[in-house]
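The values are calculated or read from the model by the stated rules, or taken from the named source; none is laboratory data. Note that the structure is a prediction, hence the values are computed from the model and not measured. Glycine also receives a Cβ, built like all others from the backbone with ideal geometry; neighbour counts cover every protein chain displayed. The accessibility values were calculated without ligands, DNA or RNA, using every heavy atom of the protein model including side chains. Shrake-Rupley method; radii C 1.70, N 1.55, O 1.52, S 1.80 Å.
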Amino acid sequence: MNDTTVTLVGNVATAVEYRDTATGGVARFRFAVTARRWDREKGLWSDGPTSFYTVSAWRSLGANLAASVSVGEPLVVHGRLRVREDERDGQRKTFVDVAALAVGHDLSRGTAAFRRVARPLRTEAEPGVWPGAGPGAEPGGGPRTEPQVGAVERAPVLGPAPDRDPWAVAAEEAAGESATRLVTVP
């Protein structure tokens, strides 16, 4: 693909709106990016013009974004850039959209605490199907585009697996914890 990808550093300008759609949930918000320049003559930082972008994030990224971000927070947004023109109120206007691929807090301006979200487990009766999704779909909806090799899956310890160290299995059973194993998801 010849998509233009960009990485933007700025602040959340509007509240994140989250909606469920037929193809999965989507979160949208306006993102403000202001250029800062060092003015040598004055010896101060000065703000340049502010650019506004509409950021969209789909499926699990959108749900996590809606639960994690509020107005004014500094973010780093990486995604596909799309510039479109539309006619509104008799005038041609230009809109700049970013379809987010990754979003995170800008840690150069503060701290954040990461919390992993539990993902649904695949059932053995339905290989390749995630609960609540159509055949070959990913959690949160939408088709899988490529196999996920090396995905981490958490499952209860039911007994020693043939490819695992029996001492590690015994220690996990004694601790009563779930085993973490590397699997290949088709």
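Observations on the model:
Residues checked against (1) in a loop (DSSP other than H, G, I, E, B); (2) in contact with a Phe, Trp or Tyr (Cβ under 8 Å, 6 or more places away or on another chain):
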| site | (1), (2) |
| --- | --- |
| Thr5 | no, no |
| Phe31 | no, yes |
| Phe52 | no, yes |
| Val55 | no, yes |
| Ser60 | no, no |
| Val71 | yes, no |
| His78 | no, no |
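- Residue in the stretch 35-56 that is open to solvent by 90 Å² or more (accessible area, probe 1.4 Å) and in contact (Cβ under 8 Å) with a residue 24 or more places away in the chain present: yes
- Hey, Arg119 surrounded by 14 or more Cβ atoms within 10 Å (Cβ to Cβ), modelled with pLDDT of 90 or more and in contact with a Phe, Trp or Tyr (Cβ under 9 Å, 6 or more places away or on another chain) or not: no
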